[in-house]
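For reference, the structure is listed below as structure tokens.
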Protein chains: 4
Amino acid sequence: MGSIWKSRISLTIFGQSHGQAVGVTLDGLPAGEPVDTAALNVFLQRRAPGRFPWTTARQESDESEFLSGIINGKTCGAPVTAVIRNNNIRPADYADTKNIPRPGHADYTAYVKHGGHADISGGGHFSGRLTAPLCIAGGLCLQMLQRRGICIGSHIASIGPVKDSLFDPANIDKAVLNSLCEMDIPVLNPQAAPLMVQTIEQAKQDSDSVGGIIECAAVGLPVGLGDPMFDGMENRIASLVFAIPAVKGIEFGAGFNAAFMRGSEHNDPFYLDEKTVKTRSNNHGGILGGITSGMPLLFRAAIKPTPSIGKIQESVDLGKTESATLTVRGRHDPCIVPRAIPCMEAVMAIAIYDAILEN
Amino acid sequence: MGSIWKSRISLTIFGQSHGQAVGVTLDGLPAGEPVDTAALNVFLQRRAPGRFPWTTARQESDESEFLSGIINGKTCGAPVTAVIRNNNIRPADYADTKNIPRPGHADYTAYVKHGGHADISGGGHFSGRLTAPLCIAGGLCLQMLQRRGICIGSHIASIGPVKDSLFDPANIDKAVLNSLCEMDIPVLNPQAAPLMVQTIEQAKQDSDSVGGIIECAAVGLPVGLGDPMFDGMENRIASLVFAIPAVKGIEFGAGFNAAFMRGSEHNDPFYLDEKTVKTRSNNHGGILGGITSGMPLLFRAAIKPTPSIGKIQESVDLGKTESATLTVRGRHDPCIVPRAIPCMEAVMAIAIYDAILEN
Amino acid sequence: MGSIWKSRISLTIFGQSHGQAVGVTLDGLPAGEPVDTAALNVFLQRRAPGRFPWTTARQESDESEFLSGIINGKTCGAPVTAVIRNNNIRPADYADTKNIPRPGHADYTAYVKHGGHADISGGGHFSGRLTAPLCIAGGLCLQMLQRRGICIGSHIASIGPVKDSLFDPANIDKAVLNSLCEMDIPVLNPQAAPLMVQTIEQAKQDSDSVGGIIECAAVGLPVGLGDPMFDGMENRIASLVFAIPAVKGIEFGAGFNAAFMRGSEHNDPFYLDEKTVKTRSNNHGGILGGITSGMPLLFRAAIKPTPSIGKIQESVDLGKTESATLTVRGRHDPCIVPRAIPCMEAVMAIAIYDAILEN
Amino acid sequence: MGSIWKSRISLTIFGQSHGQAVGVTLDGLPAGEPVDTAALNVFLQRRAPGRFPWTTARQESDESEFLSGIINGKTCGAPVTAVIRNNNIRPADYADTKNIPRPGHADYTAYVKHGGHADISGGGHFSGRLTAPLCIAGGLCLQMLQRRGICIGSHIASIGPVKDSLFDPANIDKAVLNSLCEMDIPVLNPQAAPLMVQTIEQAKQDSDSVGGIIECAAVGLPVGLGDPMFDGMENRIASLVFAIPAVKGIEFGAGFNAAFMRGSEHNDPFYLDEKTVKTRSNNHGGILGGITSGMPLLFRAAIKPTPSIGKIQESVDLGKTESATLTVRGRHDPCIVPRAIPCMEAVMAIAIYDAILEN
């Protein structure tokens, strides 16, 4: 289990990194919603490999084929299924280390969980490649939201030690969010981008990798999405975001900084802007009691450094139960943060669109 | 919706802060498991009000009555339901500010969501009081885990600016975890406790409040709990932890710090300890690919400062659609971090026990 | 597991026949819906014991106490929980046959499932008494439906060999449905009622029991409720109806008779009644492709004869693994069909109201 | 929604009758289970069109391609996805009657539900063709059960007025079940088969159709599968069986006949066969309190006559809101009962295997 997320809409994600295909079924979309496949592809290209000089040498066109659910460019009410064929697979890269788990990967836990039967080539079902179908689902939801005036965008808050500015959480501009979507290295402070690139390139040169933080925001939300307790917007987003490999933490609004504030500082005063209730600050990140307040919804996610690195690493041979070392082969990125951005937006879009349909 | 968490076991939580009762139904527990109500009460008392000089003046004995599911001190396979009567309710405290939402609370979003019909006395169903039934459920699961050699404990990583040491994540001792459960202000560094108390008392004196961070760990886990993607241990824990009001973020293992590490530093090398596969460090926090590795499972959660403070605050009158100010009445804590600790352990216990039953 | 039904609304049912209480939590009701507790009690009395001379001698007032979710006579958006205390319990009646399962009951399967830890007094959690909380949930949903112009009613299609007329499925009158709700032995053909009573009394006199068939209909439905495949209205209703002990089968519209018809006879021709699309006949029972057609929704459920009978029966002693006989003590009905009627209406109401909220 | 069935294992079914493909994702299968694709194809051929002279002229090879979840002939723990391409599609057959719903089909309800955007060609997502992926899922589960000594088989209890004998429910032989799987027209009484064929051929000649009843049994079950209330084996099977278009009713064990029995006749006495607890009769159909008793699990399902018939039928033009007539084109079977048999076995297998994994 684990590959189905079921709410008002539901996602079923399937495939392995070096299997025949990866894909997704999205059930519960209303009928009659136009699907712009060109716009979807633009969105998917932001996640696809090959966009940066440093990304994995694996060549995948990542073209999605829709098998069901769309008639004449519109949803027809039946489940939408899309698949992406894996073209450039090289399972042999993983053959000689089948029993030697790569540190930081799911190889070991999958081996134990599945009694040695797991497909571990390139991480199998645990691979970051499974975020491609997640982005198909999210990209479709994004289009639904855009038609409802809801806009989602993200920037890289940090890569390694290089930090960008953060959003001013009570004042996030749609135009800024949209322009971020067009940047290769989306940042608020333009000077941060080249330093981030340099950090990644240096890591690659050192046969190493770096992580980072992504800040993702949604504006234009109605008040009242989400539910108390286990179905708050935080719960929903978190239940999706940890499906993205490498995410180690998530925080909403002021997040961990809230722990260092006093109540008088953290509480966001309500005021009237024309007839609309707003808050002067937005430490609550657009969610109160699990429910959207109408203020920008805001989260940050921590991305660990890519575990696949070129250095020799210590491990164990699970077959022989003895110590071993390994050098990771296969093809990989020294930093997956830029490619993780559309994944964050996908997660945000799915959670919000689902909550809208529920309301 | 929102008050049901359904997996192999399921929780249904009900009640409002100033209603007749709060309670929980826990379905899916195996039959024949002994229930130690005395031990459960000790656990519940760690969350109950009245343990500290600064906590809310509301007097609640928090005695739970079991309505079903337990026969002769053992589970019988039927759903376990427990209720806690609310004795010391004062809904009148909230009457004059019914239309003036308290900043930082769910009053406003609940008002809009429920069209003005929400029970907002003391936060209604959004109140921290609903963590009492959560702790009943978690306390029961803790007992099941203890019999399986799994131990859970937590300490306060920070309150306001005062920080405790952190766990050495690869070496967490059961005895230490158990001793933390007996401290009023559980810390690793004994010097931190009085400074934390002082910080809370100062906040109270200032009619203000403070937040903090809790670090929670589980040891003795088998390898292989949890599933990939949407049912990883992180997803499961996060889907529960955000049911606790005031949680603003969660991180596992190295968490947000992982974003600043290089892969060579963050990857945890595997080695053999006797015949057991372990990792030398534990930046992964006991979870790889959503699945437990057998190393200590570790998360930190950020708790915002209590939104109920004694100062005058800016708000709006939702009935008249005009600006307003309010002073929060009712009874409240200047810091809920110490009382939130058993809630974290409850969440950890539920998620782990559920995953064990699923395996 | 098993005691939670989760859809747009959700039910959690708890309690055992001879435990402290039985009860239900109903989550997902919209806020602001009036709750008429007097009308609810009238509905519950139709299921309560003691209405007929032949019913169980167990005296239970079946008064429900609401613990949460209702403020000033209206739902407040929080989960609604109601409990019914068990007052007249006699677990001792079941002590000497603890290891000798009663034929036709769940004693044996519960014993094996729960390793001998099940509460088997009066059937424990498997008892028909658990339909009381089901009726609370259904009774609340009925009120919501009535305000939307939807009317539900049932009659006894047969008890033992005595048959009533059946509904004319394309022409079911609201007034008739309402009048059925007021009859002790609701039938369409008034001559059937005394014969049914006689059949039940004869069975009682013979220390035996009889079963029957209930036909339940809903009118005033919108077109478009329900979903294809696993969430059709048939699937939903069936997933609820088999929670009622003693139900052995369910059929919709022409049901099993459809198997003996030709397509030209079974197909219901569409026509226009003013501007409304209707069907001339209603063999489809108001559901096409899982989705309501606007025609009366109609099902019949088969109720087996009460397994508790006064005769000596053959069984086995599970403790000694040897043959045994038993005579069922405890108190029971020679026919539970009349008391099962509100349960059918409850199920119908829950399924329909849930589907309305989903749409 | 509706196309996902989620329990310990889960099914996601997608596709439309005249779309690119139909398919299924099955999540939750244990890793390391061998998959015999040849045996699966034999099973699928029992459902495939073209096996009988009277079946639809639509030619589909129904070859399934596995996209994920199987490595070296074994499940690997990742979701199993299989697709069947639609080769012989003729959506044009349905163009001129797009607005004129076929009686007995989901055309009208789908039209209203999806605001005219539904894909109605050949029934779209509501088509019987969607039972092909259901059979892939069920066929896989059948293989798992066979390795555990559980055997499933079915026969045609009736087609039109022609009836077969019924199973002797307390004595069902594995060899008989297996031999039924090899018959084109599986019956217990060999004289029934030619009469059934004649009935179907006569219906075809009359441009009409006939329905029937299927009886399906499973033997070799452990005691203790299933749960009380909403997750009993009846609820689970019913929630799946009504996903098969044309099913109008389901009954377990004595079913509707139970309504005409007395308790003393219907109760199945327990006895010891060696050390095994059995019942002398099997009116309970292998399920007591929702839980398997170890006796044969038995259900019968009513299949309505194919709604697609060659006769002129009355309908309405939904675009013009006026009366209309239609003659159904497209290709169809005068009786789908024989092809529905593997669907029943699929449903039985999924429900049982799921319950086994849960236990």
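Calculate for chain D the 222 nm mean residue ellipticity that helices alone would give, adding -39,500 (n - 2.57) per DSSP H run of length 4 or more and normalising by residue count, nearest 500 deg cm²/dmol.
One gets -7500 deg cm²/dmol as the mean residue ellipticity at 222 nm.
Before we go on, tell me the buried accessible area for the B/A pair, both chains summed, 1.4 Å probe, in Å² to the nearest 100.
Protein heavy atoms only, the B-A interface buries about 7900 Å².
Longest exposed-loop-site-free stretch of chain C, with GluC sites (Glu not before Pro), DSSP loop and at most 14 other Cβ within 10 Å?
My reading of the result: C:64-181 is the longest stretch.
Please calculate how many Å² of accessible area region B:170-252 carries per residue, with a 1.4 Å probe and no DNA, RNA or ligand atoms counted.
Heavy-atom SASA per residue in region B:170-252 reads 32 Å².
I need to check one value: relative contact order of chain A, counting alpha carbon pairs closer than 8 Å and at least 6 residues apart, in percent.
Result for chain A is 22 percent.
At 7 angstrom along the Cα-to-beta-carbon line, where would the label on B:N178 sit relative to the other copies? Give the distances in nm, shortest first.
For B:N178, the inter-copy label distances come out at 5.6, 6.3, 6.9 nm.
Most fluctuating residue of D:T109, D:T199, D:T97 in a GNM of chain D with Cα springs under 10 Å: which is it?
Taking springs between Cα atoms under 10 Å, the residue moving most is D:T109.
Ignoring any ligand, DNA or RNA, what whole percent of the accessible area of region B:1-157 comes from carbon and sulfur when the probe is 1.4 angstrom?
On the way: 2270 of 4510 Å².
The computed percentage sits at 50.
One decimal, nm, shortest first: give the distances between the label point of D:E201 and those of the same position in the other copies, each label point 7 Å from Cα along Cα→Cβ.
For D:E201, the inter-copy label distances come out at 5.8, 8.1, 9.9 nm.
Taking a virtual spin label 7 Å from the Cα of C:R90 along the C-beta vector, which residues in region C:1-38 bring their backbone nitrogen under 19 Å of it?
Backbone N within reach: C:16-21.
Using a 10 Å cut-off around each Cβ of peptide D:202-213, what is the average number of partner chain Cβ atoms that fall inside?
Shielding by partners across D:202-213 averages 4.
Among A:I336, A:I89, A:I303, which one shows the biggest mean-square fluctuation in a GNM of chain A, springs joining Cα atoms closer than 10 Å?
A:I89
Hey, can you list the residues from region B:32-79 whose accessible area shrinks by 50 Å² or more with all protein chains present, relative to the chain by itself (probe 1.4 Å, no ligands or nucleic acids)?
In region B:32-79, residues shielded by partner chains: B:L67, B:C76, B:P79.
Could you work out the relative contact order of region B:1-46, using alpha carbon pairs under 8 angstrom and six or more residues apart, expressed as a whole percent?
This gives 25 percent for region B:1-46.
What accessible surface, in Å², does a 1.4 Å probe find on D:C181, ignoring ligands, DNA and RNA and rounding to the nearest 10?
40
Under 1.5 on a/c is rounded, so check that first for region B:119-182, then, if it is not, pick prolate when a/b is larger than b/c and oblate when it is not; a ≥ b ≥ c are the square roots of the alpha carbon gyration tensor eigenvalues.
Here region B:119-182 falls in the oblate category.
Name the residues of region A:6-26 whose accessible area falls by at least 50 Å² when all protein chains are present instead of the chain alone, probe 1.4 Å?
Output list: A:K6, A:R8, A:F14, A:Q16, A:Q20.
Just which residues of region D:112-134 lose 40 Å² or more accessible area with every protein chain there, against their chain alone, with the probe set to 1.4 Å?
D:K113, D:H114, D:H117, D:H125, D:F126
What gaps in nm, shortest first, separate A:T37 from its twins in the other copies when you place the label 7 Å past Cα toward the beta carbon?
Label-point distances to the other copies, shortest first: 2.7, 6.0, 6.5 nm.
Accessible area of region C:251-359 with a 1.4 Å probe: how many percent of it is carbon plus sulfur?
The computed percentage sits at 46.
With the other protein chains left in place, how much accessible area per residue, in square angstrom, belongs to region B:66-159 at a 1.4 angstrom probe? Don't skip to the answer; put the middle values down first.
On the way: 2560 Å² over 94 residues.
Solvent-accessible surface per residue comes out at 27 Å².
Over the alpha-carbon set of chain A, work out the extent along each principal axis and list the three values in angstrom, largest first.
Principal-axis extents of the Cα atoms in chain A, largest first: 69, 49, 36 Å.
Which of rounded, prolate or oblate describes region B:95-235 when judged by the alpha-carbon gyration tensor and an a/c cut-off of 1.5?
Values: a/c = 2.47, a/b = 1.37, b/c = 1.80.
It comes out oblate by the Cα gyration axes.
When the solvent-accessible surface of protein heavy atoms is calculated with a 1.4 angstrom probe, in what order do C:R90, A:R102 fall, highest first?
So, going from the largest accessible area down, we get C:R90, A:R102.
Name the most mobile residue of B:K113, B:K204, B:K174, meaning the one with the largest mean-square fluctuation, in a Gaussian network model of chain B with Cα contacts below 10 Å.
Ranking B:K113, B:K204, B:K174 by mean-square fluctuation puts B:K113 first.
Using only alpha carbon pairs under 8 Å that are at least six residues apart, calculate the relative contact order of region A:310-359 and give it in whole percent. Provide the component values of the computation, followed by the final result.
Values: 26 pairs, mean separation 11.8, N = 50.
Relative contact order for region A:310-359 comes out at 24 percent.
What is the sum of charges, Lys and Arg at +1 and Asp and Glu at -1, for the other residues whose Cβ falls under 12 Å from the Cβ of C:D36?
Local net charge: +1.
How big is the gap, in Å, between the Cα center of region C:108-129 and the Cα center of region B:244-298?
Here the two parts' Cα centres lie 43 Å apart.
One quarter of the convex hull surface, Cα atoms only: what value does that give for the protein assembly as shown in nm²?
Quarter of the Cα hull surface area: 48.2 nm².
Counting other Cβ atoms within 10 Å, which trypsin sites (Lys or Arg not before Pro) in region D:1-67 have at most 14 and lie in a DSSP loop?
Counting only loop positions with at most 14 other Cβ atoms within 10 Å, the trypsin sites (Lys or Arg not before Pro) in region D:1-67 are D:R51.
At 1.4 Å probe size, with every protein chain present, just tell me what the per residue accessible area of region C:286-343 comes to in Å².
28
Principal axis lengths of region C:257-359 from Cα atoms, whole Å, largest first?
Extents along the principal axes, in whole Å: 68, 36, 25.
The values are calculated or read from the model by the stated rules, or taken from the named source; none is laboratory data. These figures come from a predicted structure and were not determined experimentally. As a convention, Cβ positions derive from the backbone with ideal geometry for all residues, glycine included, and neighbour counts pool all protein chains shown. Calculation scope for accessible area: heavy atoms of the full protein, side chains included, ligands and nucleic acids excluded. Shrake-Rupley method; radii C 1.70, N 1.55, O 1.52, S 1.80 Å.
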